1. In region 23-63, how many are surrounded by fewer than 15 Cβ atoms within 10 Å (Cβ to Cβ), within 14 Å of the ligand (Cβ to nearest atom) and either more than 24 Å from L105 (Cβ to Cβ) or hydroxyl-bearing (S, T, Y) (or both)?
2. Here's a check for you: in region 79-90, which residue that is among the small types (G, A, S) and open to solvent by 20 Å² or more (accessible area, probe 1.4 Å) is nearest to T119 (Cα to Cα)?
3. Any idea how many residues of region 1-22 are of a type in the set (V, I, T) and either in a loop (DSSP other than H, G, I, E, B) or open to solvent by less than 40 Å² (accessible area, probe 1.4 Å) (or both)?
4. Being near the ligand (Cβ under 10 Å from one of its atoms), of a type outside the set (D, E) and open to solvent by 40 Å² or more (accessible area, probe 1.4 Å) is the filter here; which residues of region 132-144 pass it?
5. Quick check on region 120-131. Is at least one of its residues within 20 Å of S16 (Cα to Cα), open to solvent by less than 50 Å² (accessible area, probe 1.4 Å) and touching a residue at least 24 places away in the same chain (Cβ under 8 Å)?
6. Which residue is farthest from A91 (Cα to Cα), if the candidates are limited to region 64-78 and must be open to solvent by 30 Å² or more (accessible area, probe 1.4 Å) and aliphatic (A, V, I, L, M)?
7. Among the residues in region 91-113, are any open to solvent by 40 Å² or more (accessible area, probe 1.4 Å), touching a residue at least 12 places away in the same chain (Cβ under 8 Å) and touching an Asp or Glu at 6+ places or on another chain (Cβ under 8 Å)?
8. Is it the case that some residue within region 145-152 is touching a helix residue (DSSP H, G or I) at 6+ places or on another chain (Cβ under 6 Å), basic (K, R), free of Cβ contacts under 8 Å to residues at least 60 places away in the same chain and open to solvent by less than 80 Å² (accessible area, probe 1.4 Å)?
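The values are calculated or read from the model by the stated rules, or taken from the named source; none is laboratory data. Please read all numbers here as calculations on a predicted model, not as lab measurements. Note that each Cβ is placed from the backbone with ideal geometry, even for glycine, and that neighbours are counted across all protein chains shown. Ligands, DNA and RNA are excluded from the accessible area calculation, which covers all protein heavy atoms including side chains. Shrake-Rupley method; radii C 1.70, N 1.55, O 1.52, S 1.80 Å.
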Amino acid sequence: MIFRTAQESDAEGIASVLQDLFDAGKRRKPCSAEFVLGHYISHPDSIRCTLAGDQSGHILGFQSLRHAVVDNPYDVAVGWGIIGTHIRPSAARRGVGRGLFAQTLDAAHGFDLTFIDATIGSKNAEGLAYYEAMGFREYRQLEDAVSKVYQLPS
Ligand SMILES: CC(C)(COP(=O)(O)OP(=O)(O)OC[C@H]1O[C@@H](n2cnc3c(N)ncnc32)[C@H](O)[C@@H]1OP(=O)(O)O)[C@@H](O)C(=O)NCCC(=O)NCCS
């Protein structure tokens, strides 16, 4: 598996990961390359968007780490990180998410983050289990979602 920072030229490949999740009924939000650029790769508050690929360059998934700024749309405490993870269903449960989180933690250390928020749909059992396994713990409940926090060692 290869991990690297996503570039603008990866937008189509990442969009196809989102499309596969949509087709599998695991996503409802947009899946276009334009959305990927605006939300992940080129977002002004992005700390790092890391992708995982196989030896042939096929994108298996990606993880976004953003900085929570004033008035962020997720109502996350200012200064925290905000994480999002998307793995192609055909590559699930093979350690892609675990490998991505090691990369994201590296970026979080480099950015001097102390806390990272993960907000997950309350019915998303695999998402909840994944973040729990990565060391995130619940700190708030929203209407249809649960927020978990990861605390980096100081
Ligand atoms: C949730 C998701 C990110 C997990 O990624 P993944 O690459 O399959 O995860 P990994 O294989 O690295 O699993 C790491 C650990 O997470 C937990 N986990 C992952 N998927 C799980 C599942 N379906 N059921 C139970 N636990 C699970 C396990 O503890 C696993 O360790 P193990 O395989 O040694 O038991 C992926 O399934 C996904 O993208 N789902 C759709 C989008 C989503 O829900 N994103 C996150 C919430 S917004």
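1. Count: 5.
2. Once the filter is applied, the top-ranked residue is G79.
3. The qualifying residues number 2.
4. If the condition is that a residue be near the ligand (Cβ under 10 Å from one of its atoms), of a type outside the set (D, E) and open to solvent by 40 Å² or more (accessible area, probe 1.4 Å), then A133 is the only one that fits.
5. Within region 120-131, one or more residues are within 20 Å of S16 (Cα to Cα), open to solvent by less than 50 Å² (accessible area, probe 1.4 Å) and touching a residue at least 24 places away in the same chain (Cβ under 8 Å).
6. By that ranking, first place goes to V70.
7. yes
8. Yes, that holds for at least one residue.
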